[in-house]
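Colleague: Quick one: the structure is below, and I'll ask about it shortly.
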Amino acid sequence: MMLRRRIAGLVALALVPSIAARAFDRQQTPAAPARLSGMVVTTETTPQPVRRAIVSFSGGDRALGHHTITDDEGRFELTALPAGRYTLSAARPTYVTITYGASRPGRPGTAISLEPGQHLSAVRVLLARGAIITGTVRDGTGEPVPNLEVRVEPRGSPAAAATSAQTVVTDDQGRYRAFGLPVGTYVVVARPRTGTSDLDVPTDANVDAALAALRQRRAVTAPPSPVPVKPKPATNFAPVYHRSQLTLDAATGVAITAGEERTGIDITLRLLSTWSVSGTVVTADAETRSMIRPMLTTMSAHSAPVTRTSDLAPDGTFRFPNVVPGRYTLAVQALSAEARRASLGAPGAQATGPCAFASQDVSVTAADVTGVSLVMRPCLRFAGRMVVGGSGTAGPEVSRLLVTLMQLAPPPSPVFRPVRRAPPAIAMDGTFTFGEFGELLPGAYQFSVEVPSSSPGRGYQLQSAVVDGRDILDTPLQLTGDSPGTTNVVLTLSDQHNSLSGTLETSARLPAVNFTVIAFTTNRSWWTSPFRRIRTARPASDGHFAFQDLPPGEYYLAAVTDLAPDDVRDAEFLAQAVATAVRVTIGEGEQKIQNLRVTGGN
Amino acid sequence: MPRDGRCLALLGSALALFLCVTLAARAPQTNQSTTSPSGTGAISGVVSDASTKRPLSGVVVSLAGGGVSRRTISDSKGRFVFRDLPAYDRYSIEASKPGYVAGGLATRNLFGVNTRLPLADGEWIPDANFVMERLGAISGSVVDEAGEPVVNIPVRVLTRIPIAGTTRLASGPAARTDDRGVYRVAGLASGSYMVAVQSVQSVLPPATSAATAAALSPMMISLGNRQVPQSTGLDVGDSWLVIGQYATPPAPIAGQPHVYPPVFFANARSIANATAVHVANGEEKRNIDFSLHPVRGSQLSGRITAPPDVLAGLVVRLLPEGTETLNSGFEQATSLVRPDGTFTMVGVPPGRYTVDARTTVSGMSFSGHVLGPQVLTPTPGMVSMGDVTASFTTVESTLGSVSFGTRYTTGHEAYSGRLAVTVGPTDVSNLVVPMTRGVRISGRVVREDGAPLSGRLTVGVEPANGDPVLAGPPADRMVARNPAGTFSIEGLQAGAYFLRVTPSLVKSIVADGDYTNRPFDTTSGSDITDVVITITDKPATLSGVVRDRQGTVIRQGAVIVFPVERELWARFGVEPPRIKMASYFGNRGYQIPFLPAGEYFVIALEASQPDAWHDPRFFAAAVPLATRVTLAWGAPAVQDLTIRQVVIK
């Protein structure tokens, strides 16, 4: 891979930092408030002030941060600031935010270390003028298509897509307009809503013939006989990329410069041949069959899943007509009536009674998919209990915790999505169950827990999620259709916090503010999603960096310039970084200081 | 599908998403057959444009019923044909084309009965013709006091909707301004609209943790990747004023916030002074422009009195006078109440308001015909996990879907309180807003024949005066599961309510008196118990054919039936069982299948006049032209009619 960035050689330093940085102490009694003032300007060669920009100064001890609005000359001032380390940025619609100290949008900035009573003035915060991509979506006959989702997404970077992709909707004249886009190359895709029943597209001649046949029939007194239905090719709309391409690889990228308005990025929808998906649900009893409605759900890394349903015939067969080529999950659930009501949030309803499901992934290419056999199995369950570990004092009220079970989205997306269901009722004794509504399908799962009034370094957090002696926070648990799931999940909360901090200095013993420090586990098998043991930290203006609440274990520390968000998810990149990295081990509750110096240039 | 449309729907909590998915899966419209039935019937027609009278091509015509689900597209002459159809007595047929009002034949029905097409074996209906009205749009731009475009703020249209013999303000579709400050609200049927630019001043106590702020601020509800984007706000005294979701105001001057007040076209500060924008068929009203100017806002503070568990997480709302019936999203200001019940609102421009504290927030809205994403973010604090958003009633109309939305948190008792307040140039303090517990109506449902209840049965309430604010509590859907047939509806505010049972027909409602045709009054605040609702499976039915004065059968039109009692011509609730409009198609004429026995007037109107009865003067004007009929339980009545024209003077 091409590296534009530089991975620095590092040496570990003794405990005492050699740069004259005053250690910032959280417990220090609040002294005279600090002040910060400056100006928000554009990144242009002749910077222009930006009025009505919202300036955000985040960090310190205040959860909500400090914010203000620039005046007509782009100036701002924040007063009464407690000392601390803050990140600074500005935002205004149509502009792209660049965090103070960052090289470009989407990159971490340099935190500002503010001392008691300090007045930091003439700070310049940058906003880049956003670019605009606009165009019209038409159907095959040239008619504009209104109310259609158009996604404008940076090409090739899942991380960039997560932050700067936009989904806009065409207006009644088929026009869309995405603005405030960072510089880059974009793919534009229109996503038609596909009708679920066959759409007949007759020609005038077809209509003439049909009406003539009806008139003739009316003239004849004999009882009419059914006209044989002749099969016709079914068609439907499929997602289309700019320049009418059907795949991401074939799509033409749209490269835009800062502040550019790119017009005419038009898309023509294409009618595709569609196919049917049919098969049988294998289940014993007729009563269960009567409750089942097969569901066909799209699998796409980039868009929300769309589900269609079909009736199940008394003989257990089903058929989805008019399916656009693509990947789908076919699933059925059979719930007791009581559980069904509970799944709808009916007060007092309990998820009791039998629960069964079946699922299968289906790929539709250029032919009908037939003979899919769905064998009903007992519902997968994910049950367990919550344990409050750590100091155990003043633990959180278990019933107020929000436990979320996340499922890995279809590859290539590394994103976990919450399983859709009613907010999980976690019992007073800390037990919980997922899957009682048949909502779990085979796949990779992971947990998260939200603890009210907790934040990194403070309060209680999920420390481990252990199933059969294995922590699934590092390696998501794979549920297969053959397994009944698991009922012995132990989620442990802890208020033991560790920190790994230090200063990063240049070989000239100055704060190395242009680097990002990466902490990544030495265990290469964890260099995959969910990337729990890979973190980055940008040193503040005094060179100080800190990692809060790293899972205990051994880590590499590396320093890199101009780190792109996707780099740390790239095992190859991490392998290169190992060569110059420093090893460090952090334990539970440990407050570790590891100062670093960049060797060589800079 | 007025009755069928009564279902839960909409909005953004994880639970609600789940509800949507599940219910969409069950909606009868999405039914699909594994094998499509075939027969010898046929339906054909021509689609034309209402204003140009020319045929319309490219219209998707959908036919459903009896296991059939088909779609075709009209040809260059506007023609469409469905052949090989099985006999079925209730086909529904709809036409849709972008830019046109979608709907069924003669579908101008608000709270009425849709046209159903009966088709016999071998029959060909050759004249299932559609006349489609083009949709209009309202567009313009929004600039601030410096003449700069205001970007990415919602602009919303409003209209008055006839209901219960009066009209009520409802919020409609919204659009966001683009980078040029330009907005465009499309998908509007012909009518009169108000246009508004809002700016909700939401306050959180500064002690609010980031997690709470995240949960309370819609900008940060990102369920997907668990990102926590930053919420932004200004310190104003002891309060934290959320900014960044509407037009960004100037920084506070000398500690005083300056805010953009809500503006109604043309730059009016109140709905009463708004200029209505009339949109004709297919018309685009351009240059509906706004110029925003900040004003100094006052501070308003006080205390809500209610039990502690009601105060927990409560958001108090400040509603500009005249906009009380709108859903959340139209507040002037909101404030998260502190645990001791005190609250502070900042940035309140002078004007007359209602302070509104309630656990169940309701309002009325209409969708328009371009169903885009919800461009109006919910008011900060008004959405939290665990909330349930339900459509109390949804009906299809020329305005799109009209729904009475309600949002509540399960497991909470409903409390509400309001206080009118006038805000001048100085701060208002020491307001006291007591919240009172809602009234409960309970009783049981029995069958006339004494047999046990079966099937799905829902008991609900409708405010007699149609005030959507009163349409709060969810219906009790569990009645039939209960062998005793008992029901209980909690959280009713002071007002008059009709009890309704779906899908059954009510024969009588008795408590301390006869409430069959009379609403319950909850203003005393005491619970109403021991209500006995008797349902029957022997409805009266009314049918017949409609002819013109020459005696020729009219194949398409509307029939309205209404009770003879004058006191039932107003304040009749949302879906009155004894007032029905039925549009019809075909030689068999009209059919109204589901009526209580009683004395009625019935009148036939042209297909273009089906919602004339929403005018409160309609009934009195119709009586001299109408036919009086007596309907008995379980007895089909036949009454042929002559078409009339009701002129309301």
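Colleague: Across peptide B:73-86, how many C-beta atoms of other chains are within 10 Å of each residue C-beta, on average? Walk me through the intermediate numbers first.
Modeller: On the way: counts 5, 2, 8, 3, 3, 1, 6, 4, 10, 2, 8, 5, 0, 1.
Mean number of neighbouring Cβ atoms from other chains: 4.
Colleague: Sticking with the crude label model, points 7 Å out along Cα→Cβ, report the distance from A:Ala367 to B:Thr642 in nm, one decimal please.
Modeller: 7.0
Colleague: Per-residue mean of other chain beta-carbon atoms within 10 angstrom of the beta-carbon, peptide A:49-61?
Modeller: So the per-residue partner count for this stretch is 3.
Colleague: Where a ≥ b ≥ c are the square roots of the eigenvalues of the C-alpha gyration tensor, would you call segment A:533-588 rounded, which needs a/c under 1.5, or, failing that, prolate if a/b is larger than b/c, or oblate?
Modeller: Oblate shape, in that a/c is at least 1.5 and b/c is the bigger or equal ratio.
Colleague: Residues of segment B:291-328 with the amide nitrogen closer than 14 Å to a label point 7 Å from the Cα of B:Ile253, along Cα-to-Cβ, please.
Modeller: Residues B:293-298 fall inside that zone.
Colleague: If r is the Cβ-Cβ distance from A:Thr141 to A:Thr317 and R0 is 41 Å, what FRET efficiency results, to the nearest 0.05? The partial results should precede the final answer.
Modeller: Values: r = 36 Å, r/R0 = 0.89.
E between A:Thr141 and A:Thr317, to the nearest 0.05, is 0.65.
Colleague: How fast does segment A:488-602 diffuse by Stokes-Einstein, in µm²/s, taking the Kirkwood radius from C-alpha pairs at 10 °C and 1.306 mPa s? Before the final figure, lay out each step's value.
Modeller: Values: Rh = 14.7 Å.
Translational diffusion coefficient: 108 µm²/s.
Colleague: Which whole-angstrom value gives the distance between the alpha carbon centres of segment A:527-602 and segment B:249-277?
Modeller: 50
Colleague: Among B:Arg588, B:Arg352, which comes first, second and so on when ranked by fewest other beta-carbon atoms within 10 Å?
Modeller: Values: B:Arg588 16, B:Arg352 13.
Sorted ascending by nearby Cβ count, the order is B:Arg352, B:Arg588.
Colleague: Further question on the same structure: Using just the Cα positions, wrap segment A:455-525 in a convex hull and report its mean projected area in square nanometres, one decimal place. Provide the component values of the computation, followed by the final result.
Modeller: Working: hull surface 31.8 nm².
Projected area, direction-averaged: 8.0 nm².
Colleague: Hey, which of these cross-link pairs are over 26 Å Cα-Cα: B:Lys97/B:Lys649; B:Lys507/B:Lys580; B:Lys580/B:Lys649; B:Lys97/B:Lys580? List each step's numbers first, then the result.
Modeller: On the way: B:Lys97/B:Lys649 36 Å; B:Lys507/B:Lys580 17 Å; B:Lys580/B:Lys649 23 Å; B:Lys97/B:Lys580 29 Å.
In this structure, B:Lys97/B:Lys649; B:Lys97/B:Lys580 exceed 26 Å between Cα atoms.
Colleague: For a quick size check, give me the Cα extents of segment A:254-299 along its three principal axes, largest first, whole Å.
Modeller: Taking max minus min along each principal axis of the Cα atoms, segment A:254-299 gives 64, 25, 13 Å.
Colleague: Multiply the residue separation of B:Asn273 and B:Ile73 by 0.36 nm, subtract the distance between their alpha-carbon atoms, and state the gained length in nm to one decimal.
Modeller: Details: separation 200, 0.36 × 200 = 72.00 nm, distance 4.54 nm.
Residue separation times 0.36 nm, minus the Cα-Cα distance, leaves 67.5 nm.
Colleague: Something else about it: Say R0 is 56 Å: what FRET efficiency, to the nearest 0.05, do A:Thr528 and B:Asp121 get from their beta-carbon distance? The partial results should precede the final answer.
Modeller: On the way: r = 64 Å, r/R0 = 1.14.
E(calc), rounded to 0.05, equals 0.30.
Colleague: Here's a follow-up. Counting other beta carbons within 10 Å of each residue's own, what order do B:Phe404, A:Phe520, A:Phe531 fall into, fewest first?
Modeller: Values: B:Phe404 29, A:Phe520 22, A:Phe531 15.
Going from sparsest to densest Cβ surroundings: A:Phe531, A:Phe520, B:Phe404.
Colleague: Give the peptides A:442-449, B:516-523 in descending order of average Cβ contacts within 10 Å, highest first. Could you put the intermediate results ahead of the total?
Modeller: On the way: A:442-449: 20.4, B:516-523: 17.0.
My ranking of the peptides, most packed first, is A:442-449, B:516-523.
Colleague: For A:Arg381, B:Arg628, what's the fewest-to-most ordering of other Cβ within 10 Å of each Cβ? Walk me through the numbers before you get to the answer.
Modeller: On the way: A:Arg381 18, B:Arg628 11.
By the 10 Å Cβ count, ascending, the order reads B:Arg628, A:Arg381.
Colleague: Points 7 angstrom from Cα along the Cβ direction at B:Asn430 and B:Ser526: gap in nanometres?
Modeller: 3.6
Colleague: Hey, with R₀ at 45 Å, roughly what FRET efficiency would B:Ala420 and B:Glu148 work out to, going by the Cβ-Cβ distance, to 0.05? Mind showing how you got there, number by number?
Modeller: Details: r = 37 Å, r/R0 = 0.81.
The pair B:Ala420/B:Glu148 has a calculated efficiency of 0.75.
Colleague: A further question on this structure: Extending each Cα 7 Å along its Cβ direction at A:Ser391 and B:Phe594, get the distance between those two points in nm, one decimal.
Modeller: Output for this residue pair reads 6.3 nm.
Colleague: So, one more: How shielded is A:170-177 by partner chains, expressed as the average number of their Cβ atoms within 10 Å of its Cβ atoms? Intermediate results must be reported in sequence, preceding the final value.
Modeller: Values: counts 3, 11, 14, 6, 2, 1, 0, 4.
That average works out to 5.
Every number in this text was worked out from the coordinates using simple rules, so none of it is lab data. Quick caveat, the model's predicted, so the values are computed rather than measured. Cβ coordinates were reconstructed from backbone atoms using ideal geometry, including for glycine residues, and neighbour counts include every protein chain displayed.
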